[in-house]
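Asker: Below you'll find the structure I mean.
The values are calculated or read from the model by the stated rules, or taken from the named source; none is laboratory data. A quick note: this is a predicted structure, and the numbers were derived from the prediction, not measured. Note that we place each Cβ from the backbone using ideal geometry, even for glycine, and neighbour counts take in every protein chain shown. What goes into the accessible areas is simple: the full protein's heavy atoms, side chains included, and nothing from ligands, DNA or RNA. Shrake-Rupley method; radii C 1.70, N 1.55, O 1.52, S 1.80 Å.
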Amino acid sequence: MTETPVCRRLVGRTAVITGAGSGIGLATARRLAAEGAHVVCADIDEKAGKAAAEEVGGLFVRADVTDPEQVEALFRTAHDTYGSIDVSFHNAGISPPDDDSILETGLEAWKRVQEVNLTSVYLCCKAVLPYMRRQGRGSIVNTASFVAVMGAATSQISYTASKGGVLAMSRELGVQFAREGIRVNALCPGPVNTPLLKELFAKDPERAARRLVHVPVGRFAEPEEIAAAVAFLASDDASFVNAAEFLVDGGIAGAYVTPL
Ligand SMILES: NC(=O)c1ccc[n+]([C@@H]2O[C@H](COP(=O)([O-])OP(=O)(O)OC[C@H]3O[C@@H](n4cnc5c(N)ncnc54)[C@H](O)[C@@H]3O)[C@@H](O)[C@H]2O)c1
């Protein structure tokens, strides 16, 4: 767990966060606000999103990130309220149980995950880029995952494919808009200690052990550790970090044999 940040790298900046009501999004809302940003908390879950915005003194906008009109309205509201959009963290995503091995996953489950995890990132980038181009600056962080860079025998086929798409799209956008002062990076978190994961692994220790054996540091990430990476990518400290596959995975993707 990181301590309360002492740096104030985002004073006067405006950050939009999708999926800000829970997990990584919520931890990031707290971190970016602590660094001085105005935070716009977007979520489909009104109660959780409102609570997040209230806690960080920001603005809540209810938005389903799969809906083009709601996504447009989100960025319009953010810009109308604060006058700029300097950081956009496209983080909302799902990982439903009916997305499993390719042998079992049906087309409906496949499509739903693609919509929420990949199409949403396309829609958010498309909607925010015009604001950032007018400003001549901006930092976009799209949430992919470590499964975008390595295969798992415990498959969630549409999730993995969607995150691969987020990674490739982020790279391409980072290259295309680099000379306009806009950086686009793909954040690739390793497994994070969310309430859902804790509950699942408490019920099934073997399932947890099967995954933990691959993590060199021997534990999952805390959401605050992922939020710290987003704050870095959002800030000018990352001014030369662009089109990157930004792994925050405790060394999983670099590991062959892990310590006992
Ligand atoms: N938790 C992990 O281990 C892990 C690892 C790698 C990547 N990720 C990715 O990080 C992101 C956040 O994950 P998390 O674990 O914090 O998830 P979470 O479930 O705790 O939070 C996701 C938030 O997104 C919101 N959301 C879902 N669908 C939405 C929609 N259509 N429109 C708007 N908001 C919507 C939810 O209401 C929720 O508040 C996801 O993209 C996930 O794939 C998570």
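Asker: Compute the FRET efficiency between Lys47 and Asn193 as 1/(1 + (r/R0)^6), taking r as their Cβ-Cβ distance and R0 = 25 Å, and round to the nearest 0.05. Present the calculation step by step, with values, prior to reporting the outcome.
Answerer: On the way: r = 23 Å, r/R0 = 0.91.
It comes out at approximately 0.65.
Asker: Oh, and also: Counting only protein chains, not ligands or nucleic acids, how are Thr66, Thr77 ordered by accessible area (probe 1.4 Å), most first? Walk me through the intermediate numbers first.
Answerer: On the way: Thr66 25, Thr77 50 Å².
Sorted descending by solvent-accessible area, the residues read Thr77, Thr66.
Asker: What net charge do the residues around Gly136 carry, taking every other residue with its C-beta under 13 Å from that of Gly136, with Lys and Arg at +1 and Asp and Glu at -1?
Answerer: Values: positive: Arg133, Arg134, Arg137, Arg179, Arg183; negative: Asp86, Glu180.
Every neighbour counted, the sum reads +3.
Asker: Shifting gears a bit: I'd like the distance between the alpha-carbon centres of the stretch 12-37 and the stretch 108-128, rounded to an integer number of Å.
Answerer: Taking the Cα centre of each part, the stretch 12-37 and the stretch 108-128 sit 21 Å apart.
Asker: Longest span of the chain, sites excluded, free of chymotrypsin sites (Phe, Trp or Tyr not before Pro) in DSSP loop with at most 12 other C-beta atoms within 10 Å? Mind showing how you got there, number by number?
Answerer: Numbers: sites that count: Phe240, Tyr256.
Value returned for the longest uninterrupted segment is 1-239.
Asker: Another question about this same structure. What does the accessible area per residue of the stretch 39-86 come to in Å², with a 1.4 Å probe and no ligands, DNA or RNA counted?
Answerer: Details: 2300 Å² over 48 residues.
Per-residue accessible area for the stretch 39-86 comes out at 48 Å².
Asker: Let me ask something else about it. Report the net charge of residues surrounding Ala52, where surrounding means a beta-carbon distance below 13 angstrom and charges are Lys +1, Arg +1, Asp -1, Glu -1.
Answerer: Overall, the nearby charge balance is 0.
Asker: Using a 1.4 angstrom probe and counting only protein chains, how large is the accessible area of Ile102 in Å², to 10?
Answerer: About 120 Å², rounded to the nearest 10.
Asker: Related question: Can you work out the PRE-style zone for Lys111? Point 7 Å along Cα to Cβ, and I want the residues of the stretch 38-76 with backbone N under 18 Å.
Answerer: Flagged as within label range: 65-68.
Asker: Also, I was wondering about something else. For the chain, what % of the accessible area comes from carbon and sulfur atoms, probe 1.4 Å? Walk me through the numbers before you get to the answer.
Answerer: Values: 6940 of 12740 Å².
Reported share for carbon and sulfur atoms: 54 percent.
Asker: Next question. Write down the accessible area per residue of the stretch 135-238 in Å², having rolled a 1.4 Å probe over the full set of protein chains.
Answerer: Details: 4790 Å² over 104 residues.
Spelled out: the 1.4 Å probe surface of the stretch 135-238, per residue, equals 46 Å².
Asker: Report relative contact order for the stretch 122-227 in percent, whole number only (criteria: Cα-Cα under 8 Å, sequence separation at least 6).
Answerer: Values: 100 pairs, mean separation 30.3, N = 106.
Result for the stretch 122-227 is 29 percent.
Asker: Going from most exposed to least, what order do Ile182, Ile44 have by accessible area with a 1.4 Å probe? Before the final figure, lay out the partial values.
Answerer: Values: Ile182 0, Ile44 85 Å².
Sorted by accessible area, descending: Ile44, Ile182.
Asker: Leaving ligands and nucleic acids out of the surface, order Leu103, Leu247, Leu32, Leu26 by accessible area at 1.4 Å, largest first. Walk me through the numbers on the way to the answer.
Answerer: On the way: Leu103 150, Leu247 65, Leu32 0, Leu26 35 Å².
Of Leu103, Leu247, Leu32, Leu26, the descending order of accessible area is Leu103, Leu247, Leu26, Leu32.
Asker: FRET efficiency for Asp237 and Met150, Cβ-Cβ distance as r, R0 = 22 Å, nearest 0.05? Don't skip to the answer; put the middle values down first.
Answerer: Numbers: r = 27 Å, r/R0 = 1.25.
Given R0 = 22 Å and the Cβ-Cβ separation, E is 0.20.
Asker: Then there is this: What residue among Arg219, Arg62, Arg210 has the largest mean-square fluctuation in a Gaussian network model of the chain, using Cα springs under 10 Å?
Answerer: Arg210
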